[in-house]
1. Which one is nearest to the chain's Cα centre (by Cα) among residues in the stretch 27-53 that are at pLDDT below 95 and under 16 Å from residue 1 (Cβ atoms)?
2. Any residue in the stretch 56-74 that is charged (D, E, K, R) sitting within a Cβ distance under 6 Å of a residue that is not in a loop (DSSP other than H, G, I, E, B)? List the pairs, counting only those 6 or more apart or interchain.
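The values are calculated or read from the model by the stated rules, or taken from the named source; none is laboratory data. Computed from a prediction, not measured in an experiment: that's the story for all the values here. All Cβ positions, even for glycine, are placed from backbone atoms using ideal geometry, and neighbour counts span all protein chains on display.
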Amino acid sequence: MPLILYQRDDCHLCDLALDVLAQARVPEFESVFIDGDDVLEARYGIRVPVLHRSDAGAELDWPFGVDAVAAFLQP
């Protein structure tokens, strides 16, 4: 399942989100930094970090925990 974590440089909340994803044992995901991308900044600017599921188009906004990530990854 293709996953993307939208984040910013020097983002404390993004670091916390990465820890949650590690605890949830999320297999693989792409990190996309929105800094400098006008389209992504307009969409995610105040929402980051956001976990995006490309297959379903679903998004999980911060704050999220291990249980929320596990539920989000269910088919």
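1. That would be 28.
2. 59/50; 59/52; 61/50
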